[in-house]
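The block underneath contains the structure these notes are about, expressed in structure tokens.
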Amino acid sequence: VRDHHGGFTRWTCDITPHVKAGKKAWITLEVTDRADDISYASGYAKHQIGGILRDVHLLTLPKNHPKDLIIETELDDQYQNAELSVSAKLAEKGKNTKIELVLTDGDGKEVLLRNAKISIDDKDSFSVKNSIENPKKWDAEHPNLYTLRISFYEQDELIWSKTKKIGFREIKVVGNSLLVNGKPVKLRGACRQDVHPTLGRVATPEYELKDVLLAKESNMNYIRTSHYPPSDNFLKLCDEYGIYVEDETAVCFVIDYRIKGYKIASKSQSDPEYTDRYLSQLKEMVDLHRNHPSVIIWSIGNESIYGSNFQKSFDWLRD
């Protein structure tokens with residue numbers, strides 16, 4: 001039905017044309033450790049991969065539904081009030097459709113939204129903004145989270161909804177200072193691998209929570225996810241407990257040498273045939289993780305020779 005490069009990012013496969021309601025169907029997934037993989041996933045740190053690393057879900061969706069959800073919280077110049085922006089594309093043009101937003105604070109109290117409901121007839125996307133007066137801000141010392149529920153109605157019938165934890169925070173770099181909500185912050189932390197003495201590279205919620213709690217106990221406020229994106233659950237824990245994250249794409253060690261059995265080395269970074277592999281994994285990471293307040297830095301790769309595919313990754317990310 002489709003192929004996919006990379007084992008660390010979430011990707012989707014529409015199997016609608018291949019299944020029939022009420023009939024049994026087999027789904028077969030083949031995992032290959034490619035010799036020319038730009039992620040080099042099994043080729044370093046003795047972390048051989050033997051299967052599927054992330055969660056697998058089977059979803060049924062209505063014919064029309066929101067996708068590519070983007071949630072942004074922009075603070076004013078005084079870092080006091082905020083503008084909450086929610087936007088998404090639709091699977092197809094809306095007809096008698098509307099979006100409803102409900103925002104609640106950490107105590108479960110509903111926050112007044114002046115633009116809580118909008119109609120999206122004859123449009124294939126929507127964008128709605130609300131001014132939020134003096135919300136509690138999110139940072140590593142004060143990981144204040146709000147709950148946003150987005151509901152999609154067709155002819156006044158609820159057909160899709162999603163709930164997200166969000167944090168009101170703004171990141172800026174001024175001179176040599178990193179500012180979180182206008183205050184300079186020093187990042188103190190470590191690189192992290194998904195590695196377990198008996199489970200190998202498989203991430204479980206239990207050991208992800210232990211990693212986060214150990215980091216907080218060690219007075220760390222920062223984790224770099226070397227050398228691939230973490231699970232979505234790990235970032236939810238960083239949102240909840242307060243850890244800044246450098247989210248790193250899986251591209252790594254595109255350099256002059258690789259261990260025996262791996263090819264290409266420093267050839268793919270400027271090869272047009274590999275451009276889609278660079279950009280697709282980066283886009284999947286950003287699309288999945290961009291709404292987490294804990295993610296403050298994006299990394300486009302580790303220990304590689306710079307080339308046009310890295311430049312295209314950088315340009316796409318800036319855009």
**Message:** Restricting to region 182-204, name every residue that is over 12 Å from Ser231 (Cα atoms), at pLDDT below 95 and out of contact with any helix residue (DSSP H, G or I) (no Cβ under 8 Å at 6 or more places or on another chain).
**Reply:** Val195, Pro197, Thr198, Gly200
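Quick check on region 49-70. Is at least one of its residues of a type in the set (A, V, I, L, M), assigned to a strand (DSSP E or B) and surrounded by 15 or more Cβ atoms within 10 Å (Cβ to Cβ)?
Scanning region 49-70 turns up at least one residue that is of a type in the set (A, V, I, L, M), assigned to a strand (DSSP E or B) and surrounded by 15 or more Cβ atoms within 10 Å (Cβ to Cβ).
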**Candidate set from region 173-193 (those that are of a type outside the set (S, T, N, Q) and over 17 Å from Ile243 (Cα atoms)); member that is surrounded by the fewest Cβ atoms within 10 Å (Cβ to Cβ)** = Gly175
**Message:** Any residue in region 18-40 that is of a type in the set (Lys, Arg) sitting within a Cβ distance under 8 Å of a residue that is part of a loop (DSSP other than H, G, I, E, B)? List the pairs, counting only those 6 or more apart or interchain.
**Reply:** Arg34/His5
**Asked** Could you give every pair whose Cβ atoms fall below 8 Å, whose first residue belongs to region 144-168 and is in contact (Cβ under 8 Å) with a residue 60 or more places away in the chain and closer than 18 Å to Phe234 by Cα, and whose second residue is charged (D, E, K, R) and open to solvent by less than 80 Å² (accessible area, probe 1.4 Å), counting only separations of at least 6 or pairs across chains?
**Response** Leu145/Asp239; Lys165/Asp239; Gly167/Lys137; Gly167/Asp239
**Item:** Among the candidates Ser280, Ser299, residue that is small (Gly, Ala, Ser) and touching an Asp or Glu at 6+ places or on another chain (Cβ under 8 Å)
**Value:** Ser299
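For region 222-319, list the helices (runs of 4 or more DSSP H) that sit wholly inside it and hold at least 2 residues that are within 13 Å of the chain's Cα centre (by Cα) and within 26 Å of Asp33 (Cβ to Cβ); which are they? Steps first, answer last, please.
Values: elements: 232-241, 275-289, 308-318.
Because the criterion is at least 2 residues that are within 13 Å of the chain's Cα centre (by Cα) and within 26 Å of Asp33 (Cβ to Cβ), the helices (runs of 4 or more DSSP H) in region 222-319 that meet it are 232-241, 275-289.
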**Request:** Check Phe253 against each of (1) touching a residue at least 24 places away in the same chain (Cβ under 8 Å); (2) loosely packed, with under 15 Cβ neighbours inside 10 Å and name the one condition it does not meet.
**Result:** (2)
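Out of the residues in region 113-158 that are part of a strand (DSSP E or B), among the charged types (D, E, K, R) and farther than 14 Å from Gly94 by Cα, which is nearest to the chain's Cα centre (by Cα)? Spell out the reasoning first.
Of region 113-158, the ones part of a strand (DSSP E or B) are 117-119, 125-132, 137-138, 143, 146-154, 157-158.
Now drop any that are not among the charged types (D, E, K, R), which leaves 117, 129, 137, 149, 154, 157.
After this cut, where a residue has to be farther than 14 Å from Gly94 by Cα as well, the list is 117, 129, 137, 149.
Values: Lys117: 26, Lys129: 22, Lys137: 21, Arg149: 18 Å.
That would be Arg149.
Just to be sure, is Asp55 touching a residue at least 12 places away in the same chain (Cβ under 8 Å) and either at positive phi or among the acidic types (Asp, Glu) (or both)? Step through it out loud before you land on a result.
Numbers: touching a residue at least 12 places away in the same chain (Cβ under 8 Å): yes; either at positive phi or among the acidic types (Asp, Glu) (or both): yes.
Considered against the rule, which asks whether it is touching a residue at least 12 places away in the same chain (Cβ under 8 Å) and either at positive phi or among the acidic types (Asp, Glu) (or both), Asp55 comes out as yes.
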**Prompt:** How many residues are part of a strand (DSSP E or B) and more than 27 Å from Ile132 (Cα to Cα) when one looks only at region 178-210?
**Reply:** 5
**Residue under evaluation Tyr207, criteria (1) in contact with a Ser or Thr (Cβ under 9 Å, 6 or more places away or on another chain); (2) open to solvent by less than 30 Å² (accessible area, probe 1.4 Å); (3) at pLDDT below 95, criterion not met** = (1)
**Prompt:** Name the pairs whose Cβ atoms lie under 6 Å apart, with the first residue in region 298-309 and closer than 17 Å to Arg258 by Cβ, the second outside any loop (DSSP other than H, G, I, E, B) and open to solvent by 40 Å² or more (accessible area, probe 1.4 Å), and 6 or more positions between them or separate chains?
**Reply:** Gly307/Ser270
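The values are calculated or read from the model by the stated rules, or taken from the named source; none is laboratory data. Because the structure is a prediction, the values reported are computed rather than measured. We place every Cβ from the backbone using ideal geometry, glycine too, and count neighbours over all the protein chains shown. Accessible surface areas use protein heavy atoms only, side chains included; no ligands, DNA or RNA. Shrake-Rupley method; radii C 1.70, N 1.55, O 1.52, S 1.80 Å.
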